[in-house]
Amino acid sequence: MTDRESRSRIDWVSDSCRLLAQIEAEFRRTKPFQDLTIGTGIHLEPKTAVLLRTLHSGGARIVATGNLNSTQPETVHFLLENGIEVMAEQTIDQEVHDLSLNQIIAEKPDLLLDNGGDLFAVYAENPYPDLLGGTEETTSGRMRLEPMRADLQCPILVINDSPIKQFAENRHAVGQSMFESYMRVTNRSTNGKRVTVFGYGACGRGVAACFKAAHSVVSVVEADPVKALEAHLDGFSTPHRADAVASADVIVTETGAVNVVTAEDMTSFKDGLILMNGGHFPTEIAVGDLSDSEKVVRRDQIDELDIESLRLHDGRTVHIISGGHMANLAGPRPLGNSIESMDLGFALQARCLEYVAQGKATSADCVVPVPAEIDARIASEYLAIHR
């Protein structure tokens, strides 16, 4: 009889991140981050644990915090056991999160790995001379940091602007994980449901395609007329915003903007509408304004499902998933994007941080896309493994 060993989800993820495993083995030899401190602010879940371990294997001291409402305690435990300093807890309290960000910057890291621009924003208010630069993961972060270039004045490579990140993670994986999260959290059907997707960037395209494939009737609301035309030619309805909101059984926001859905929309909501957000910040759906609206006579929190149901004075009900936080990284048993997509995205992170650490980027490379040479290298290495 063979022995059986209990293994965790982090073990499963680690075994499946074949490209990161290859980079980690290389980093153990080359030590590109020897004597450097990397400060990180990114969702602390199993896949990011593998990324941080990879950077740590490259000689870095890692000081890590998370993002709002996505820190998983088992991941924190794993990181601490593997020599990584963690200053994070599961919270939806912005003040608690801000404290952890300030703790990271107080360590004066040589490199920053950011998600949403949180760390770089704190750095801009409290600059120190030895920051080499770093990376930003998201569209939301790029939009936040672009106006701050004059204050930042250091190389920041935007992972989300890599074509690999756009199609592998944003289009394919976000579409899949948002659809999976809708099914897992609500257990509601998609057949015949009218789904309105706000935003037709790569993430919105993926979400729209997945719901359409699941027999939903999908509409797209997009402020950019060129992207709206693309949605139209892709076969999606592109009604005026008011009509798209009024007809929706489900609304999914994927814009990176603020207050995409507000209390002003409540008059036109269908009874039973489900609201879910896939953007990085919990501000695309104005949850506070919706919950505190004078139209709401009762609020029910379904804790097991992480759904808040708002009963309106006229008898209609509106359901908000995960408090407007990223639905694919919140709620019961959050899984996030697929392992393979994050293996690619985090390989980009590792190579970009290596690039900055080696002095190959300059202050002119402040909030710019991943260098094409890194994209080509990652694509070639991934294909060599999976062909």
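With respect to the conditions (1) out of contact with any helix residue (DSSP H, G or I) (no Cβ under 7 Å at 6 or more places or on another chain); (2) crowded, with 16+ Cβ neighbours inside 10 Å; (3) at pLDDT 95 or above, ARG311 lacks only one, and its number is (2).
Candidates in segment 107-130 are the residues that are touching an Asp or Glu at 6+ places or on another chain (Cβ under 7 Å) and touching a residue at least 60 places away in the same chain (Cβ under 8 Å); of these, the one that is most open to solvent (accessible area, probe 1.4 Å) is LYS108.
Could you tell me which of the residues GLN176, GLN103 is over 19 Å from the mean Cα position of the chain (by Cα), surrounded by 16 or more Cβ atoms within 10 Å (Cβ to Cβ) and not hydrophobic (A, V, I, L, M, F, W, C)? If you could, list the steps in order and put the result at the bottom.
Numbers: GLN176 fails: over 19 Å from the mean Cα position of the chain (by Cα).
Result of the check over GLN176, GLN103: GLN103.
Residues in segment 240-254 that are open to solvent by 40 Å² or more (accessible area, probe 1.4 Å) and either modelled with pLDDT under 95 or assigned to a loop (DSSP other than H, G, I, E, B) (or both): HIS240 only. The set of residues from segment 297-315 being within 16 Å of LYS270 (Cα to Cα), touching a strand residue (DSSP E or B) at 6+ places or on another chain (Cβ under 8 Å) and touching a residue at least 40 places away in the same chain (Cβ under 8 Å) comprises just one member, LEU312. The single condition among (1) in a helix (DSSP H, G or I); (2) open to solvent by 50 Å² or more (accessible area, probe 1.4 Å); (3) under 22 Å from LEU273 (Cβ atoms) that ALA208 does not meet is (2).
Please verify whether VAL261 is touching a Lys or Arg at 6+ places or on another chain (Cβ under 6 Å) and under 25 Å from LEU312 (Cβ atoms), treating the condition exactly as stated. Considered against the rule, which asks whether it is touching a Lys or Arg at 6+ places or on another chain (Cβ under 6 Å) and under 25 Å from LEU312 (Cβ atoms), VAL261 comes out as no. Of all the criteria given as (1) part of a loop (DSSP other than H, G, I, E, B); (2) under 22 Å from VAL287 (Cα atoms); (3) open to solvent by less than 60 Å² (accessible area, probe 1.4 Å); (4) of a type in the set (Val, Ile, Thr), the one not satisfied by VAL197 is (1).
So how many residues does segment 138-166 have that are within 17 Å of VAL370 (Cα to Cα), aliphatic (A, V, I, L, M) and touching a helix residue (DSSP H, G or I) at 6+ places or on another chain (Cβ under 6 Å)? Number of matching residues: 5. When segment 131-167 is filtered for residues that are free of Cβ contacts under 8 Å to residues at least 24 places away in the same chain and over 24 Å from PHE33 (Cα atoms), the ones remaining, listed by number, are PRO147, ALA150. Quick check on segment 323-336. Is at least one of its residues open to solvent by 10 Å² or more (accessible area, probe 1.4 Å) and of a type in the set (S, T, N, Q)? No, segment 323-336 has no match at all. Looking at segment 65-101 only, could you name the residues that are of a type in the set (A, V, I, L, M) and touching a residue at least 24 places away in the same chain (Cβ under 8 Å)? Of everything in segment 65-101, those that are of a type in the set (A, V, I, L, M) and touching a residue at least 24 places away in the same chain (Cβ under 8 Å) turn out to be LEU68, VAL76, LEU79, ILE84, VAL86, MET87, ALA88, ILE92, LEU101.
The values are calculated or read from the model by the stated rules, or taken from the named source; none is laboratory data. This is a predicted model, so every value here is computed, not measured. As a convention, Cβ positions derive from the backbone with ideal geometry for all residues, glycine included, and neighbour counts pool all protein chains shown. To get the accessible areas, we keep the full protein, side chains included, count just its heavy atoms, and leave off ligands, DNA and RNA. Shrake-Rupley method; radii C 1.70, N 1.55, O 1.52, S 1.80 Å.
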